[in-house]
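Some notes on the structure that comes next.
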Amino acid sequence: MAENKGNEPWAAWAESMQKMLATPGAMNPFAGVMGAAGGAAAGGFDPAHLMKALDPAEIDRRIQDMRAVEAWMRLALSGVEMSIKTMEMQRDAYASFGKMREQATRTVTDSAEAAAAVVRGATRATEPKRAARRATARKR
């Protein structure tokens, strides 16, 4: 990985993870012993692979690699959980804004209807007075 010189430890880790995940038997240190792909001759017994699998340093290295993968997955999971919580908060905020809009619309409508009723009531109250004035004016 010549292009990742600035971040060499992570580049090496990423490369080893890609190699491990590229072959299913790479995750199991005893895969060659059990005749899985990667053994000696088409599923045969490979003593070198067995010795490598039993080497405590190799096992420790694989444990460290798996712990690194676990930590990365936990980080990714926490990011997904935060995204879900953020979207739920947005949904709830939009719902409350909708309810506020409906309440404001209802209040304005009710106020307009009340004002119109008052104006109609005032008009009706003054109509008899106007009619009386007109009648009085005609008599003169």
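At-a-glance table
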item	result
The stretch 37-63, residues that are at pLDDT 65 or above and either at positive phi or surrounded by 11 or more Cβ atoms within 10 Å (Cβ to Cβ) (or both)	Asp46, His49, Lys52, Ala53, Leu54, Asp55, Glu58, Ile59, Arg61, Arg62
Check on Gln103, modelled with pLDDT of 85 or more, of a type in the set (S, T, N, Q), closer than 24 Å to Ala12 by Cα and in a helix (DSSP H, G or I)	no
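Residues checked against (1) at pLDDT 90 or above; (2) surrounded by 10 or more Cβ atoms within 10 Å (Cβ to Cβ); (3) among the hydrophobic types (A, V, I, L, M, F, W, C):
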residue	(1), (2), (3)
Gln90	yes, yes, no
Phe97	yes, yes, yes
Asp110	no, yes, no
Ala122	no, yes, yes
Lys129	no, no, no
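The values are calculated or read from the model by the stated rules, or taken from the named source; none is laboratory data. Since we're looking at a predicted model, the values are computed, not measured. Every residue, glycine among them, receives a Cβ derived from its backbone with ideal geometry; neighbour counts consider all protein chains shown.
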